[in-house]
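A short worksheet on the structure shown next.
The values are calculated or read from the model by the stated rules, or taken from the named source; none is laboratory data. Keep in mind that what you see is a predicted model, and the values were worked out from it rather than measured. Please note: Cβ atoms are built from the backbone with ideal geometry, for glycine as well, and neighbour counts cover all protein chains shown. The area values use the complete protein model at the heavy-atom level, side chains included, leaving out ligands, DNA and RNA. Shrake-Rupley method; radii C 1.70, N 1.55, O 1.52, S 1.80 Å.
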Amino acid sequence: FTGAIRQKLGKFEQAHKGTIFLDEIGSITPEVQVNLLRVLQEREFEPVGGTRTKTVDVRLVAATNKDLRRQVREGGFREDLYFRLKVIDLILPPLRNRMDDVPLLVDHFIKKYSSSLDKKIHGISDNALSMLNRYHWPGNVRELEHLIERAVVLCQGTTITTGELPHDLT
């Protein structure tokens, strides 16, 4: 491209001989679907601004919260790409249907954000965990993660309490 002084590797080039994760695959445009299908079928692509086709060997993991089968039926997702992606299909129920995971995820996110924010938070109070266990989680695991990040930021002690949680968790 104009003014380029060096080539920047794209995501597929960076993932060569490894794994690439594509989140929200059900939201990609039809044009991107065509390009992705070519990379998956032919294992090659032409970089933006490039003049030569490059070969790539990647393992693809894709995620979506959409019903791709229905999108295929309705014409919003390419059938050939759908079957190309559907090598191993894992269906994970929403967090509200697996509440036993909440304490494990809370612990993981506390460790993650305590470390990255250099705080010494060791856990969550029983009352705070009870609040989280009663909540419906419309935003799923991402909502829980952001809520725990917020709580870690606000926490002044070593344990997250109900005071660090939003008051509208009902």
Filtering the range 133-163 down to residues that are over 30 Å from T64 (Cβ atoms) and touching a His at 6+ places or on another chain (Cβ under 9 Å), which residue is surrounded by the most Cβ atoms within 10 Å (Cβ to Cβ)?
T159
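Every residue in the range 48-89 that is among the β-branched types (V, I, T), in contact (Cβ under 8 Å) with a residue 12 or more places away in the chain and open to solvent by less than 100 Å² (accessible area, probe 1.4 Å), please.
Taking the range 48-89 as the starting set, the residues that turn out to be among the β-branched types (V, I, T) are 48, 51, 53, 55-56, 58, 61, 64, 72, 87-88.
Among the residues that remain, those that are also in contact (Cβ under 8 Å) with a residue 12 or more places away in the chain are: 48, 55-56, 58, 61, 64.
Within the range 48-89, V56, V58, V61, T64 qualify.
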Mind checking which pairs have a first residue in the range 129-144 that is touching a residue at least 40 places away in the same chain (Cβ under 8 Å) and a second that is of a type in the set (D, E, K, R), Cβ under 7 Å, 6 or more apart or different chains?
H136/R96; W137/R96; W137/E143
Please verify whether the range 92-112 includes one or more residues that are of a type in the set (A, V, I, L, M, F, W, C), open to solvent by 40 Å² or more (accessible area, probe 1.4 Å), modelled with pLDDT under 95 and out of contact with any Lys or Arg (no Cβ under 7 Å at 6 or more places or on another chain).
yes
In the range 6-19, is there at least one residue being under 22 Å from the mean Cα position of the chain (by Cα), at pLDDT below 90, within 20 Å of D57 (Cβ to Cβ) and aromatic (F, W, Y)?
yes
Scanning the range 20-61 for residues that are modelled with pLDDT under 85 and aliphatic (A, V, I, L, M) gives V48, V56, V58
Based on this model, can you work out whether S130 counts as among the hydroxyl-bearing types (S, T, Y) and either at pLDDT below 95 or open to solvent by 40 Å² or more (accessible area, probe 1.4 Å) (or both)?
yes
What pairs can you find where one residue is in the range 15-34 and within 10 Å of T64 (Cα to Cα), the other is open to solvent by less than 70 Å² (accessible area, probe 1.4 Å) and of a type in the set (F, W, Y), and their Cβ atoms are less than 8 Å apart, with a gap of 6+ or different chains?
G26/F77
